[in-house]
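Input: a single structure, listed below in structure tokens.
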Amino acid sequence: QVQLVESGGGLVQAGGSLRLSCAASGGTFTNYAMGWFRQAPGKEREFVGAINWIGSTTYYTDSVKGRFTISRDNGRNTVYVQMNSLKPEDTAVYYCAAKPRVRSIADAKFDYWGQGTQVTVSS
């Protein structure tokens, strides 16, 4: 079973950038597609995007397309999300997730979750 630990969250001004990382352990990283989710206070969890096991295909929700980029380094067992042009509405706890690589990356169902990292975007 894979364990996931996010890092890189923090406070940033609107228009700024952050890069979140998610380190995986306890499993073979290339067996998993990886995803990012976020949950703002009082709102449901939102599927941000995902990447396939080899890093050749990505999926993004419309609200982050063109601003967020998901990548992975299979040698480091780590997945990233580069977030640019941040907006106050991007404020949320961001979660990393994993699922077996045979499942579609556009499917929001994931099996393993990290604890989350807070991102706050000030206006």
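The values are calculated or read from the model by the stated rules, or taken from the named source; none is laboratory data. Every value quoted in this text rests on a predicted model; they were computed, and no experiment measured them. When we count neighbours, we look across all protein chains shown, and the Cβ atoms used for this are built from the backbone with ideal geometry, even at glycine. Areas reflect the complete protein model, heavy atoms only, side chains present, ligands, DNA and RNA absent. Shrake-Rupley method; radii C 1.70, N 1.55, O 1.52, S 1.80 Å.
Non-local amide H neighbours of K87 (under 5 Å, H modeled in plane, Pro and chain starts lacking H): which ones?
Sorted by chain and number, the residues that satisfy this are G15.
What number comes out for accessible area per residue over the chain if the probe is 1.4 Å? Units Å², please.
Accessible area per residue, the chain: 50 Å².
What is the sum of charges around P100, taking Lys and Arg as +1, Asp and Glu as -1, for the other residues whose C-beta is under 14 Å from the C-beta of P100?
Local net charge: +2.
Name the aspartates and glutamates eligible as straight-distance cross-link partners of K109: C-alpha to C-alpha under 15 Å, and not fewer than 8 places from it in the same chain.
E44, E46
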